[in-house]
Amino acid sequence: MLLGEVSGATLDPTITHMAYYKSLSSITVSDIESHGIAREDAATLHQGLAEIIETHSNGTPATWQHVSNSILNPELPFSFHQMLYYGCYKDYGPDPPAWIPNRESAALTNVWQLLERKGEEFLGSAYKDPITSFDDFQKFSVSNPEIYWKCVWDEMSISFSKPPECILRDSPSGESPLSHPSGQWLPGASINPAQNCLNVNGKRSLNDTVIIWRDEQHDDLPRQRMTLEELREEVWLVAYALQSLGLEKGSAIAIDMPMNVKSVVIYLAIVLASYVVVSIADSFAASEISTRLKISKAKVIFTQDLIMRGDKSIPLYSRVVDAQSPMAVVIPAKGSEFSMKLRNGDLSWHDFLEKVNNLKGKEFIATEQPIETFTNILFSSGTTGDPKAIPWTNITPLKAAADAWCHMDVRKGDVVCWPTNLGWMMGPWLVYASLLNGASMALYIGSPLGSGFAKFVQDAKVTMLGVIPSIVRSWRSTNSTSGYDWSSIRCFGSTGEASNVDEYLWLMGRALYKPIIEYCGGTEIGGGFVCGSLLQAQSLAAFSTPAMCCSLFILDDEGLPIPQNVPGIGELALGPLMLGASNTLLNADHYGVYFKGMPLLNGKVLRRHGDVFERTAKGYYHAHGRSDDTMNLGGIKVSSVEIERICNGVDSSILETAAIGVPPSGGGPELLTIAVVFKDSNSTNQDLHQLRMSFNSALQKKLNPLFRVSQVVTLPSLPRTASNKVMRRVLRQQLSETNQNSKI
């Protein structure tokens with residue numbers, strides 16, 4: 001499983017479930033026994049529950065806080081957890097908090113400590129305490145980005161080789177803000193984010209561990225570690241080897257590898273040496289690799305011979321060869337042997353490094369470049385079928401790391417684990433979020449779905465664990481986390497797909513009810529625009545706050561923003577001034593994609609995002625899927641057109657198809673449904689099961705092996721607009737209603 005676009009949370013089905021449960025005060029010892037709990041243990045649990053109810057009443061957030069902290073544990077049946085959660089909130093209404101901050105743990109967070117020192121300076125007499133005043137602090141960050149960013153970079157020990165003239169100019173001198181809607185950030189500054197990852201500062205010393213890893217082939221061996229000193233020497237050597245290739249500065253260099261220690265070293269070395277990383281997911285078929293190499297004009301590609309998964313050897317270099325890549329540097333999966341002969345001009349990893357081995361241990365002096373210099377090209381699906389090529393600049397890593405500092409509270413001594421890949425934005429995000437905050441990144445080289453990964457989380461003492469709902473669903477269905485101690489986790493992060501309340505209640509229970517921070521944004525933002533905070537109550541499958549320095553607007557049916565803090569649902573728009581957000585695309589009109597046709601607010605054009613969002617009466621946000629023709633499948637954003645192009649050619653009897661992501665009735669990640677129109681409208685003898693298998697085979701071979709078609713439906717025709725565009729939103733709504741009705 002991979003994490004791609006930053007996206008998460010969904011409609012809260014909690015209220016539906018509440019009807020099936022008793023209130024806490026009505027629960028009897030026999031009710032507890034019915035979950036397979038011995039009578040003596042049930043009586044003890046019932047007594048503890050009665051004492052909590054007596055002190056905190058029958059169904060309040062404080063009641064649940066004490067129930068989750070003092071009664072529930074991972075060994076108790078999850079059905080018992082559900083009975084207490086839904087029983088507690090039976091009469092509460094929407095957005096019940098599953099986690100509430102307590103002052104003791106909140107006082108250790110980055111934001112608490114900043115506000116304790118500067119809260120009155122920021123907010124004046126309105127400042128109360130970090131928890132009460134967090135919402136005011138977020139609004140302050142939007143209206144005072146100069147003060148906020150200076151403080152955060154001081155906290156993170158970010159070093160500029162040439163400081164910026166200012167934090168933000170609304171537009172370059174002499175230009176209208178409408179011609180440069182994203183503003184001009186950090187004009188005049190120079191920085192190298194990879195150098196910042198390697199610096200010794202108040203957050204770390206040379207002996208500090210920065211990477212912890214284990215290969216699934218060796219789950220029985222101790223975890224391995226790399227110190228900052230060791231990482232620096234590895235990165236310097238690869239940077240020298242890159243320099244020896246004679247490429248011009250700014251040349252694009254692709255990485256198509258699993259996320260492991262070598263790929264992280266290569267990533268940092270490319271940026272350190274002032275080249276540009278081209279991010280390609282290791283799951284892509286040859287055609288998708290080829291498309292990304294051509295768009296980015298990559299000069300070199302780093303890849304691995306094979307990917308080892310359990311007993312399977314998955315070819316990777318051969319796909320790169322089929323993609324007609326430029327020169328490849330190939331890392332053997334086993335020892336020094338390759339599964340196939342290297343092409344003429346390609347280099348083995350050993351030969352690539354051999355020519356500079358005499359420089360091992362010598363510091364590579366980073367080239368500091370202007371702040372708008374590209375460092376990474378990532379790809380996000382567009383609705384035309386071609387992936388949008390999104391450049392990250394030297395600024396973008398600062399946004400990613402600052403989100404982690406504020407919202408996930410990543411700090412010195414933390415161990416951050418997020419199963420992902422450098423081909424998706426969460427891969428580079430993990431590198432910067434951990435290293436720029438003085439934390440260690442934890443890498444499991446293998447599948448995150450099995451018990452080996454759960455054991456690694458325990459052994460590495462992970463403090464922040466990132467997930468996507470598909471992974472959580474697998475863990476729960478296979479019980480692969482059973483018996484492992486996840487008590488070191490302080491919080492979870494969730495992104496990539498819509499969440500399911502029951503699955504995330506189960507997840508919290510695995511780590512003694514630590515909070516889940518939902519995180520939604522995009523590759524073009526470099527992080528999130530809406531998320532959670534350890535200083536706010538967190539409701540399952542919901543966002544509690546706009547991200548720092550971000551403003552959110554929900555558009556009404558006329559395309560205009562509804563008043564702030566008023567409940568409503570509609571397409572989401574973003575305030576345009578976001579540090580780290582893109583201001584160009586390599587292969588598309590950036591203004592046309594993100595700003596054309598959007599409303600003006602206070603003289604600034606709002607930025608298009610493409611999700612439908614709801615703001616609730618209690619101030620939480622829920623995501624309701626895409627408003628355009630893209631979807632999230634397994635955490636990967638993909639356009640309907642990309643899928644339809646492949647499905648249309650699967651069978652000669654097909655006239656056309658429509659690919660729709662349909663949310664399941666209980667909430668959670670979208671399921672891929674293909675609506676099919678046959679050339680013969682009277683055809684009734686088609687084997688839809690076989691057709692689904694054919695769709696799966698074609699998609700996995702030509703697009704991504706992680707994609708799965710869940711359902712095939714037939715239609716006499718597709719609904720269309722007057723201009724003949726397929727109305728996929730109408731289909732999505734119809735199929736969602738059909739699925740809901742089938743459950744009744």
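The values are calculated or read from the model by the stated rules, or taken from the named source; none is laboratory data. If you're wondering where the values come from, they're calculated on a predicted model, not measured in any experiment. Please note: Cβ atoms are built from the backbone with ideal geometry, for glycine as well, and neighbour counts cover all protein chains shown.
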Would the stretch 38-53 turn up any residue that is more than 22 Å from L540 (Cα to Cα), outside any helix (DSSP H, G or I) and not charged (D, E, K, R)?
yes
Output the number of the condition that Q113 fails; it satisfies all remaining conditions of (1) buried (at least 18 other Cβ atoms within 10 Å of the Cβ); (2) part of a helix (DSSP H, G or I).
(1)
With respect to R309, is the statement that it is in the same structural domain as G450 (by TED's automatic domain parsing), crowded, with 16+ Cβ neighbours inside 10 Å and among the charged types (D, E, K, R) true?
no
Checked against (1) surrounded by fewer than 19 Cβ atoms within 10 Å (Cβ to Cβ); (2) over 28 Å from the mean Cα position of the chain (by Cα), V329 satisfies every condition except (1)
Can you pull out the residues in the stretch 565-578 that are surrounded by fewer than 16 Cβ atoms within 10 Å (Cβ to Cβ) and in contact (Cβ under 8 Å) with a residue 60 or more places away in the chain?
none
Pairs please, first residue from the stretch 508-527 and closer than 30 Å to N376 by Cα, second anywhere and aromatic (F, W, Y), Cβ atoms under 6 Å, 6+ apart in sequence or on different chains.
I516/F492; I516/Y504; E518/F543; G521/F529
For the structure I just gave you, tell me whether A547 is over 25 Å from W64 (Cβ atoms) and buried (at least 24 other Cβ atoms within 10 Å of the Cβ).
yes
Answer yes or no: is there a residue in the stretch 452-469 that is at pLDDT 95 or above, surrounded by fewer than 21 Cβ atoms within 10 Å (Cβ to Cβ), polar (S, T, N, Q) and under 30 Å from D220 (Cβ atoms).
yes
Given the condition farther than 18 Å from L237 by Cβ and out of contact with any Phe, Trp or Tyr (no Cβ under 6 Å at 6 or more places or on another chain), answer yes or no: does some residue in the stretch 346-365 qualify?
yes
If I ask for residues that are in a strand (DSSP E or B) and farther than 18 Å from W185 by Cβ, which ones from the stretch 369-398 would you list?
I377, L378, F379, S380, S381, P387, K388, A389
Hits in the stretch 544-570 (condition: closer than 19 Å to T523 by Cα and part of a strand (DSSP E or B)):
P546, L552
Is one or more of the residues making up the stretch 325-341 touching a Ser or Thr at 6+ places or on another chain (Cβ under 9 Å) and under 30 Å from M631 (Cβ atoms)?
yes
Output the residues belonging to the stretch 56-104 that are touching a residue at least 60 places away in the same chain (Cβ under 8 Å), assigned to a helix (DSSP H, G or I) and buried (at least 21 other Cβ atoms within 10 Å of the Cβ).
S68, H81, L84, Y85, Y86, G87, C88
Could you tell me which of the residues T673, T657 is in a strand (DSSP E or B), touching a Cys at 6+ places or on another chain (Cβ under 9 Å) and at pLDDT 90 or above?
T657
Among (1) more than 12 Å from E524 (Cβ to Cβ); (2) of a type in the set (A, V, I, L, M); (3) outside any loop (DSSP other than H, G, I, E, B), the one test that M598 misses
(3)
Do we find that A366 is in a strand (DSSP E or B) and assigned by TED's automatic domain parsing to the domain that holds G446 in this structure?
no
Residue hits (the stretch 595-648; of a type in the set (D, E, K, R) and modelled with pLDDT of 90 or more) are K596, K604, R607, R608, E614, R615, K618
How many residues of the stretch 693-744 are of a type in the set (G, A, S), modelled with pLDDT of 85 or more and in a helix (DSSP H, G or I)? The answer is 3
In this structure, does L572 turn out to be over 21 Å from G668 (Cα atoms) and not assigned by TED's automatic domain parsing to the domain that holds N696?
no
Residue selected from the stretch 394-429 under the condition touching a strand residue (DSSP E or B) at 6+ places or on another chain (Cβ under 7 Å) and either free of Cβ contacts under 8 Å to residues at least 40 places away in the same chain or among the β-branched types (V, I, T) (or both), by the criterion farthest from T523 (Cα to Cα)
V415
Would you confirm whether or not the stretch 237-246 contains a residue that is surrounded by 19 or more Cβ atoms within 10 Å (Cβ to Cβ), modelled with pLDDT under 95 and in contact with a Leu (Cβ under 9 Å, 6 or more places away or on another chain)?
no
Got a sec? Which of Y513, Y484, Y519 is of a type in the set (F, W, Y) and closer than 18 Å to H622 by Cα?
Y519
From the list I489, I468, pick out the single residue that is touching a Gly at 6+ places or on another chain (Cβ under 7 Å) and either aliphatic (A, V, I, L, M) or not assigned by TED's automatic domain parsing to the domain that holds K334 (or both).
I468
Exactly one of E372, E354 is assigned by TED's automatic domain parsing to the domain that holds E230, surrounded by fewer than 20 Cβ atoms within 10 Å (Cβ to Cβ), closer than 23 Å to V431 by Cα and without any contact (Cβ under 8 Å) to a residue 60 or more places away in the chain, and that one is E372
Does E165 satisfy being within 22 Å of K412 (Cβ to Cβ) and of a type in the set (D, E)?
no
Given the conditions (1) of a type outside the set (V, I, T); (2) touching a helix residue (DSSP H, G or I) at 6+ places or on another chain (Cβ under 7 Å); (3) surrounded by fewer than 24 Cβ atoms within 10 Å (Cβ to Cβ), which single one is not true for C531?
(3)
Report whether or not A581 is surrounded by fewer than 18 Cβ atoms within 10 Å (Cβ to Cβ), assigned to a loop (DSSP other than H, G, I, E, B) and of a type in the set (G, A, S).
no
Could you go through the stretch 121-130 and let me know if any residue there is surrounded by 21 or more Cβ atoms within 10 Å (Cβ to Cβ) and either modelled with pLDDT of 95 or more or over 25 Å from the mean Cα position of the chain (by Cα) (or both).
yes
